[in-house]
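Peer 1: Have a look at this one.
The values are calculated or read from the model by the stated rules, or taken from the named source; none is laboratory data. No experiment lies behind these values; they were computed from the predicted model shown. Neighbour counts are summed over all protein chains in view; Cβ atoms, including those assigned to glycine, are modelled from backbone coordinates with ideal geometry. The area values use the complete protein model at the heavy-atom level, side chains included, leaving out ligands, DNA and RNA. Shrake-Rupley method; radii C 1.70, N 1.55, O 1.52, S 1.80 Å.
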Amino acid sequence: MEESTEIFGIPVPSTDPTFLSFVVVHILISLVAVVSGLVAMLSDKGKRRHSTHGKVYFRSMLFSFCTVIILSVMRWPHNIHLLSIGILAIGSTMGGYWLAKNRMLNWTRYHTICMGVSYILLMTGFYVDNGKNLPFWRLFPQWFFWVFPAVAGVPLIIYALRANPLNRRVGD
């Protein structure tokens, strides 16, 4: 049994100050990603607020992924599942960012899908790692944390694809 430390009320399986410092940085950067991603999602597309918060989301996801790599190496192989989620999340984030920069045919649809999947993976990583320690959420089995973000997020992506005028236009 590993020694653990509580950070923000959640047990972290380490007492190493370097590891714990990276955990705190990871949490703070990831919170920026959660908030900026939500603001970008809820903002009018094609407007300054959406692109500004989208850029903050992109950068915070990059920094969050850097901390995921460091934390995964420090606790290898215990965090390999979180590294896998992080790789998928940053790949999706980078794809969505690239689409917004290059604006190819139907780019808004693919951008919506990539960024939506990125956000789902961000939330999946959080719930898989922390859900078992959260009030109310601890009532659910571990497999639930793997599927819940997608079950909640995929219908929202479909809604955005159908409802947003930029996603309905042909040839953008």
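Peer 1: For the range 113-158, name all the residues that are loosely packed, with under 11 Cβ neighbours inside 10 Å and either aliphatic (A, V, I, L, M) or assigned to a helix (DSSP H, G or I) (or both).
Peer 2: Matches in the range 113-158: ARG138, LEU139, GLN142, TRP143, VAL151, PRO155.
Peer 1: Could you please find all residues in the range 35-55 being crowded, with 17+ Cβ neighbours inside 10 Å and within 16 Å of the chain's Cα centre (by Cα)?
Peer 2: SER36, GLY37, ALA40, MET41, HIS53, GLY54
Peer 1: Looking only at the range 11-22, how many residues end up being open to solvent by less than 30 Å² (accessible area, probe 1.4 Å) and within 23 Å of the chain's Cα centre (by Cα)?
Peer 2: 3
Peer 1: For the range 40-49, enumerate the residues that are over 15 Å from LEU156 (Cβ atoms) and modelled with pLDDT of 95 or more.
Peer 2: ARG48, ARG49 - these are the residues of the range 40-49 that are over 15 Å from LEU156 (Cβ atoms) and modelled with pLDDT of 95 or more.
Peer 1: Looking at the range 1-8, is at least one residue in a strand (DSSP E or B) and surrounded by 14 or more Cβ atoms within 10 Å (Cβ to Cβ)?
Peer 2: Yes, that holds for at least one residue.
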